[in-house]
1. Test of understanding: ordering VAL154, VAL136 by Cβ neighbours within 10 Å, fewest first, what list do you get?
2. Can you grab the distance from the C-alpha centre of the stretch 72-127 to the C-alpha centre of the stretch 1-70, Å, no decimals?
3. Classify the stretch 13-134: rounded, prolate or oblate, from the alpha-carbon gyration tensor (a ≥ b ≥ c, eigenvalue square roots; a/c under 1.5 rounded; otherwise prolate if a/b is larger than b/c)?
4. Using a cut-off of 13 Å between beta-carbons, work out the net charge of the residues near GLY238 (Lys and Arg +1, Asp and Glu -1, GLY238 not included).
5. Of the candidates SER33, SER230, SER159, which one comes out as most mobile in a Gaussian network treatment of the chain with C-alpha springs shorter than 10 Å?
6. Relative to the first principal axis of the alpha-carbon coordinates of the chain, what is the inclination of helix 14-25, with its axis defined by its Cα atoms, in degrees from 0 to 90 and to the nearest 10?
7. If you take every residue apart from ASP67 with its C-beta less than 11 Å away from the C-beta of ASP67, what net charge results, scoring Lys and Arg +1 and Asp and Glu -1?
8. As I understand it, the value is the acute angle between the Cα axis of helix 38-50 and the longest principal axis of the Cα atoms of the chain; what does it come to in degrees, rounded to 10?
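Any read-out appearing in this document is the output of simple, stated calculations on the displayed coordinates, not a laboratory observation. As the structure is a prediction and not an experimental result, all values here were calculated from the model. Here the Cβ positions follow ideal geometry from the backbone for every residue, glycine too, while neighbour counts run over all protein chains shown.
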Amino acid sequence: MNQRAVVITGGSKGIGAATALLAARRGYAVGISYRDDEAAAATVLHAIEAGGGKACLLRGDVADAGDVERMFAQAQDALGPLHALVNSAGITGPIGRFDRADPAMIEAVFRTNVFGTMNCCRAAVSLFQAAGRGGVIVNLSSTAASTGSPNEYVHYAASKAAIDTFTLGLARELAREGIRVCGVAPGSTLTGIHARAGEPQRPARVAPLIPLGRLAQPEEIAEAVLWALSDAASYFTGAMLRCGGGL
């Protein structure tokens, strides 16, 4: 039996990297998709290989449909038939009020978070259909989709709400083909995304607002993603697993 192969976008950092490492430990062959930080992606690759796992690097921009087609072809060449996709690539842009946000930045957020997810789903579904044996897609959303994230990331929250609706519709469209499409909606998580948004101390500010009193570790979100990928979640489709510490 062939080793199950999964492509994980945004696999070089944060939740994506944690998911890639855990997937390898659970027996998946992992395609690590990244855009810019080759050193970070290589660190994840080397950690997987050091543990006896199989992985490959897939450099490209998920917002570019041509890059996506190339990356998925490379993944199948390196890892074998694709079984699953995790759409973890995402950006927020700078933290702040929506009415002061740069329109070009807002467009970039939607190109990565929404169109990037759609591009990757289209490529994965095409490969699943060609193989004729189903597949699994897990889209990373956010609890911000239901809170709106005022004064911080209204545009980002809107992009993740789009992912929620897209996940539901695609799941219902593909269910009879044996393809599950579901999602995980993390709350605030201890990754570099806060510093990249311009507020490295944001975790300390928001932790008291979370019922559990702390932010998630990336590995905790990865556990939820791996459950959604697994056969234990065989009846889980068209739904989001909320993982926000009570929010």
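1. Listing VAL154, VAL136 from fewest to most nearby Cβ atoms yields VAL154, VAL136.
2. Cα centroid to Cα centroid, the span is 14 Å.
3. On the way: a/c = 2.37, a/b = 1.45, b/c = 1.63.
Here the stretch 13-134 falls in the oblate category.
4. Numbers: positive: ARG172, ARG176, ARG180; negative: ASP164, GLU173.
With Lys, Arg at +1 and Asp, Glu at -1, the net is +1.
5. With Cα springs under 10 Å in the chain, the top fluctuation among SER33, SER230, SER159 is at SER230.
6. Computed tilt is about 30 degrees.
7. On the way: positive: ARG35, ARG59, ARG70; negative: ASP61, ASP64, GLU69.
Net local charge, ASP67 excluded: 0.
8. Helix 38-50 sits roughly 50 degrees off the main axis of the chain.
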